[in-house]
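So the structure is just underneath, and the comments pick up after that.
Just so it is clear, none of the values below were taken in a lab; they were calculated from the coordinates. Keep in mind the model is a prediction, meaning the values are calculated, not measured. Backbone-built Cβ (ideal geometry, glycine too); neighbour counts: all protein chains shown.
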């Protein structure tokens, strides 16, 4: 118990220290951006710093009370990404900036609420069917008449009174919870075939049924809503978790095959997807239309070069969707390859911390959920940046924590809260499992294999 | 558990791999494509870049901002502004997205876009210079005075014409205004429609505002050219200066079929050159021209800057022209008319101002210039213009004799320039009234003062005047020159210790 008492403030102290560094970094970036753009200190620098600090402090203090042993790295990383994104949004559009500030506040509230509502990750597991149902309803909402709306060819938006949001951002978390819980329960059943068909041992279909149903439904809905990016995201999540849970490579192969078939089918049916693929294959031939955005994105990245043209001094406003889908290119123009690489590293560190949480977890559900959520972050970054750099067709999803957009920000803060909840659980469970310092050390040693952990521990001490 | 953890790590590695692919692709873009992308004609950033840089300010000698770059809210970042509008439009020129640059904006583009190092930040605004290569461009100060420019515009009172004032000792252009002028602001608009509309309107204007009358258009100099003819007499045939020419109302022109040149309003005039000059006797000066000869007259005109592009620091300066000596062979009529500034003699108002300045400056015409100095963004002087002579038009002796002639024009009771008299200040001047071939006439006055220590030389042109007695160089243009001289000397007197 001695260890625990010592460890408890240390982790939060480290978090607080890193939070201050993030505050400094974000503040400097904000000032530079304004100096670059207007040649003056931002008029609202003091309220800005106070607000950022207050929001971080609320999140930090709530962790001290609600999840004192949670990982210290995740929150500062999220704050760094959120802050960087805000600076660039503020530089592009004032109205969006104030909205984004409000959404950040709501995101922090959602973060605290999630932590408070689920004192243990197991609580999530208990409500898995309700959560799955909520996820499906959320996915279906944009299709409902009157409240759903098409934007840029995809039907993603829901209007409820004054609220406009993209429900799929929340649905992805709900589905991750559901997949994880079902897979955790039935991993062994899914790993080995029990029914014999000819020479083959085949899986008992009924074990897979709820999964297949949820997956098929989500895919169908997404195709109906023309949201290819999210569709890919869900699919990766599903197949990835299935593989992690069972260890059957066949699932990966089968999943990839299924997705390819689905994608080819989608291409045939969905006009929206066709234009995007055309723009992907030859953007120059479609410069005036579908290729314009990607080429403007390249122009921005090329203008940025290695170090960028300087915060506030580029012309990212000429890129369509410069603050949402293409904010990565906007950032690349002004802080260069070095800056965007730092962003990518921040995501990798988040994923590393998330996977460390997964590895340390003693419970299958938590392990799978932490893995799923961590992978979601990075796969989403891959889909966005891969789209901008023409590795894959553009799909129009948001860069987590960075892009302008309330739904994305709030749902990602909830995702973060769940990861931290699992992390806190791990420490508690290890403590309960008896005072085994040797085991703790072993677990820590194991975790160190993930990127940058060592550095962060040093900061913590 | 252990096996699952292994797979979690593998999944993590897979995700790392995705990030590495993205990172590699970003590098590939930077290394192999960035250059081509930067230079792609579809890339609007090059143009945006040019417009995203602030340009230095142009500031008048009395500290008024004539052109400046201010932050704009649109994508071009900086908006070029011309607070004085049409008053200085033909001097500053414009910095236009569609139509390029003109005037000082063109001539001193490199100055206005250059940052003279080192720049140490003195206030917060400049801190960004440390973090970026954002230039803090140099500002240029010009010799022209807003007050004189305003006076010139006020005195012209909307009539087409030009006023050029020069410091004879340095060649500094103190004022240079012509009507019609134009406001460069709409040409610098970031709205292409505004630009194009403004350009179309300027193009359609018969007064051709983009061709400043003061330095880009030519006019018949009329009797103001008699200064050059008189100089030719002093320099080449000094004996003619004291010859007496009998009174006459007409001169039969040689080599013509009995064509007769008459004096203005059919007056009779005669006497020595001083008398001829004072009353601006056409028949007398035509005879002087014939006597001094085409070769001498053409050579003299060349010495006074005719036929040479004036090295004023503005683009598109027009040349004054005097016909080559060969045209006068067996064409005495042309010579006689040329000697009084008619026929095909063409003058840019700037040249006449410089010629007056040359007389004032003991025969040496200084290079005219608008640039006074260049200052860094923090006010430190980067360079100061050093006055240099352009032409030695004549000897100090001739200049002094010409001065006497010009003083007589203003001071003699029968002088044509009596309206330019200023109590307490001796003014030297010469009137001009030129037929244009059309119904209207052009009225001129060139002058400098004070005669003892000349501080200002002026050329005034008022176009399109009705051909009547009350619309002569002496009555229309002389008062404007007088006002310019008076105002400038008063200003100078105040500022002098």
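Summary table below
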| item | result |
| --- | --- |
| Virtual spin-label span in nm between residue B:192 and residue B:469, 7 Å along Cα→Cβ | 6.1 |
| Relative exposure of A:219, B:211, A:29, A:80, judged by other C-beta atoms within 10 Å (fewest first) | B:211, A:219, A:29, A:80 |
| Förster radius 41 Å - calculated FRET efficiency between residue A:224 and residue B:99 (Cβ-Cβ, nearest 0.05) | 0.20 |
| Two-site FRET efficiency, residue B:265 against residue A:25, from Cβ-Cβ distance with R₀ of 56 Å, rounded to 0.05 | 0.05 |
| Region A:2-460: relative contact order as a whole-number percent, Cα under 8 Å and 6+ apart | 22 |
| Sorted by Cβ density within 10 Å, fewest first, the residues A:415, B:210 | B:210, A:415 |
| Ranked A:109, A:402, criterion: other C-beta atoms within 10 Å, fewest first | A:109, A:402 |
| For B:23-31, mean number of other protein chain Cβ atoms within 10 Å | 6 |
| Dimensionless Rg over Rh [the protein assembly as shown; C-alpha; Kirkwood] | 1.24 |
| Isotropic mean projected area of the C-alpha convex hull, region B:391-436 (nm²) | 4.8 |
| Partner chain coverage, peptide A:328-335 - average Cβ within 10 angstrom | 1 |
| Cα shape, region A:2-460, gyration tensor, a/c 1.5 rule | oblate |
| Per-residue mean of C-beta atoms belonging to partner chains within 10 Å, peptide A:23-34 | 1 |
| C-alpha long axis of helix B:192-204 to longest principal axis of chain B, angle in ° | 10 |
| Semi-axes of the equivalent ellipsoid for region A:200-317, Cα gyration tensor, largest first, Å | 38, 19, 12 |
| By average C-beta atoms within 10 angstrom, highest first, the peptides B:311-319, B:460-468 | B:460-468, B:311-319 |
| Calculated [θ] (222 nm, deg cm²/dmol) that DSSP helices of n ≥ 4 give over chain A, each run adding -39,500 (n - 2.57) | -25000 deg cm²/dmol |
| Alpha carbon convex hull of chain B, projected area averaged over orientations, nm² | 31.7 |
| Cβ crowding within 10 Å averaged over residues, with B:262-273, A:378-389 ranked highest first | A:378-389, B:262-273 |
| Residue-averaged [θ]222 nm for chain B, counting only DSSP H segments that reach four residues, each worth -39500 (n - 2.57) | -10500 deg cm²/dmol |
| Rounded to 5, percent antiparallel among DSSP beta bridges of the protein assembly as shown | 95 |
| For region B:195-330, the spread of Cα positions along each principal axis, largest first, Å | 61, 31, 30 |
